[in-house]
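Visitor: Right, I'll just put the structure down here and ask away after.
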Amino acid sequence: MVDAFPVIAPEYRGEAQQLVLNISRGFYLEEALASDDPVKLAELEARREAED
């Protein structure tokens, strides 16, 4: 499901497109998927901190 948002996003424009692109980030979906992988989880957390 996380991979679907970038595929769907081009169907939208402007702010709506950004909202679709940010769904997985906003709901921490990638982190939930990486909960069993400490290395991936650390990478995601570092990327989130760098973006904020």
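Visitor: Going by the structure shown, is Glu11 free of Cβ contacts under 8 Å to residues at least 40 places away in the same chain, surrounded by 13 or more Cβ atoms within 10 Å (Cβ to Cβ) and more than 12 Å from the chain's Cα centre (by Cα)?
Guide: No; evaluated as a whole, the condition is false for this residue.
Visitor: Turning to a different aspect of this structure: Hey, can you tell me all the residues within the stretch 14-34 that are surrounded by fewer than 11 Cβ atoms within 10 Å (Cβ to Cβ) and in contact with a helix residue (DSSP H, G or I) (Cβ under 9 Å, 6 or more places away or on another chain)?
Guide: Gly26
Visitor: Here is a follow-up. Would you be able to say whether some residue in the stretch 25-32 is among the aliphatic types (A, V, I, L, M), on the phi < 0 side of the Ramachandran plot and in contact (Cβ under 8 Å) with a residue 12 or more places away in the chain?
Guide: yes
Every number in this text was worked out from the coordinates using simple rules, so none of it is lab data. As the structure is a prediction and not an experimental result, all values here were calculated from the model. As a convention, Cβ positions derive from the backbone with ideal geometry for all residues, glycine included, and neighbour counts pool all protein chains shown.
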